Amino acid sequence: MKRVLFLLFTWSLAALFAVAIWRDTDREWTRTQRRFFKTLAKGERRGLSPGIKQLIISDLDRVDRCTTCHLAVDKPQLALAEEPFTAHPGQILQSHPPEKFGCTVCHGGQGLATEAEAAHGDVKHWEEPLLRGPLVQASCARCHGDVQAIAAHAPLAIEGEALFRAKGCYGCHAVRDFGQTVSQDLTAIGSKSYLLMEADFEMMDPPHDRIQWLTSKLRHPRRLNPGVRPEHLPPGEEEVFPSAMPRFGLADDEVRALAVYLLSLTEFNPPVSYTTPAAPPAPAPVYSSAEARGQAVFERFGCAGCHGSGGLGGRHNWNGGLGQEIPSLLHVKAYYGQDIESLKELIRRGRQPVPRADPARPRTLLYMPAWADRIAEEDLDALVAYLLSLSDRLPQAASE
């Protein structure tokens with residue numbers, strides 16, 4: 001009896017080994033390789049062998065297996081017209097050889113995976129989704145301190161940074177120790193954990209990844225707020241509560257550029273041999289007047305984020321006074337023209353909290369932060385001169 005059981009156990013074990021071997025020869029990557037090898041002539045197979053291809057980049061703490069399927073990425077003479085057998089476009093591999101850089105450091109995804117969905121990061125809980133199409137430009141700014149020097153390769157990263165300044169995002173967000181603390185520090189938003197991002201994927205359509213969250217937030221900032229579903233919002237307030245971020249009405253190309261810039265902000269710190277130095281500081285600008293200098297201060301510190309371009313106002317501030325909108329600055333001269341020191345003190349100290357339109361409801365979300373330790377006194381004088389000059393735009397604003 002014992003011998004019979006032993007034989008049955010042995011046969012079962014052998015059968016399991018046979019099944020395991022069969023399954024191992026019929027994985028997704030093995031099928032992909034077989035498809036590719038069938039397209040090659042006998043002489044073209046020289047130097048190519050089946051099996052998992054692995055790039056170990058110790059300097060970057062990366063292990064990539066992408067070339068297991070992307071077999072012709074650096075072999076244009078063998079490339080086909082269909083993925084994953086195409087060659088890498090352009091000449092970028094001449095300066096970024098895969099054996100030094102790998103793949104995921106630029107393209108994102110999950111380097112150790114050998115199945116397409118997992119390798120592309122299209123799985124739950126993977127925080128580095130594949131940067132498809134123009135989004136891959138976000139990677140350039142991670143190593144190249146002077147993005148202007150590679151403008152031909154990363155125009156969206158440059159455009160996104162310019163938009164970030166133009167829309168006044170620094171008025172609420174800090175990036176690398178510059179900006180305000182009204183909302184999240186965005187210094188590492190491109191790699192910050194989903195928990196620290198407060199990314200509530202329950203409020204958005206799939207895919208539930210960083211790219212989708214950022215683009216959704218830029219398009220509809222008031223729809224992605226932890227713990228508050230749209231059907232639970234007060235009637236008529238689906239677009240105004242409870243996020244402080246204004247809706248800027250961004251076009252699709254602006255959303256894409258801003259997403260590229262934000263994805264470029266990571267904690268990635270490559271060795272010096274992988275980087276290019278930052279551009280030298282630009283020479284100090286020369287302004288034609290105090291008002292011109294003040295306008296530059298207004299724009300640099302992101303005042304337009306709340307007060308609107310040119311101080312026209314109009315940003316919604318839920319339960320804030322004065323019609324629940326950030327006030328226009330066109331009337332500053334009327335209120336403070338005879339008391340400039342009070343205006344300067346308001347800017348230095350800020351206004352926290354902002355008076356509520358309805359004292360029974362929660363406090364307003366946007367507030368005037370303190371600028372005393374951020375704006376130098378000479379710049380403050382120029383800013384005040386600019387704010388007082390805005391009253392000249394009142395007739396034009398009225399006609400608009």
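The values are calculated or read from the model by the stated rules, or taken from the named source; none is laboratory data. What you are looking at is a predicted structure, and each value in this text was computed from that prediction instead of being measured. Neighbour counts run over all protein chains shown; Cβ positions are idealised from the backbone, glycine included.
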Note: among L93, L130, L112, just one is surrounded by fewer than 16 Cβ atoms within 10 Å (Cβ to Cβ), free of Cβ contacts under 8 Å to residues at least 40 places away in the same chain and on the phi < 0 side of the Ramachandran plot, namely L93
Filter region 133-149 for residues that are closer than 21 Å to L60 by Cβ and either touching a residue at least 24 places away in the same chain (Cβ under 8 Å) or exposed (fewer than 15 other Cβ atoms within 10 Å of the Cβ) (or both) and give the result.
L135, V136, Q137, A138, S139, C140, A141, R142, C143, H144, G145, D146
Pick from A398, A382, A370: which is modelled with pLDDT under 90 and either in a helix (DSSP H, G or I) or outside the structural domain of Q180 (by TED's automatic domain parsing) (or both)?
A398
Taking first residues from region 255-279 that are in contact (Cβ under 8 Å) with a residue 60 or more places away in the chain and closer than 17 Å to A154 by Cα and second residues anywhere that are part of a loop (DSSP other than H, G, I, E, B) and among the polar types (S, T, N, Q), the pairs with Cβ under 7 Å that are 6 or more apart or on different chains are L265/T187; T266/S191
I'd like to check which helices (runs of 4 or more DSSP H) are fully inside region 57-139 and have at least 3 residues that are under 20 Å from F268 (Cα atoms).
98-101, 104-107
When F85 is evaluated against the numbered criteria (1) surrounded by 12 or more Cβ atoms within 10 Å (Cβ to Cβ); (2) on the phi > 0 side of the Ramachandran plot, which criterion, by number, is the only one it fails?
(2)
The one condition in (1) modelled with pLDDT of 90 or more; (2) more than 13 Å from the chain's Cα centre (by Cα); (3) of a type in the set (K, R); (4) in a loop (DSSP other than H, G, I, E, B) that R165 fails to fulfil:
(4)
Within region 178-214, residues being among the acidic types (D, E), outside any helix (DSSP H, G or I) and modelled with pLDDT under 90 number 3
Residues of region 38-49 classified as surrounded by fewer than 14 Cβ atoms within 10 Å (Cβ to Cβ) and either assigned to a loop (DSSP other than H, G, I, E, B) or in contact with a Leu (Cβ under 8 Å, 6 or more places away or on another chain) (or both), total:
6
Identify, from the list E299, E254, the residue that is under 17 Å from H173 (Cα atoms), in contact with a helix residue (DSSP H, G or I) (Cβ under 9 Å, 6 or more places away or on another chain), at pLDDT 90 or above and acidic (D, E).
E299
Which pairs do you get when a residue that is under 17 Å from A113 (Cα atoms), found in region 38-60, comes within reach of a residue that is surrounded by fewer than 11 Cβ atoms within 10 Å (Cβ to Cβ), reach meaning Cβ atoms under 7 angstrom, with the pair 6+ apart or on two chains?
L55/E99
If I filter region 286-340 down to residues being hydroxyl-bearing (S, T, Y) and outside any loop (DSSP other than H, G, I, E, B), which single residue comes out as surrounded by the most Cβ atoms within 10 Å (Cβ to Cβ)?
Y336
If you scan region 115-125, which residues turn out to be over 15 Å from P84 (Cβ atoms) and without any contact (Cβ under 8 Å) to a residue 60 or more places away in the chain?
V123, H125
Say we look at region 252-285 and pick out the residues that are over 30 Å from D61 (Cα atoms) and charged (D, E, K, R); which of these is surrounded by the most Cβ atoms within 10 Å (Cβ to Cβ)?
E254
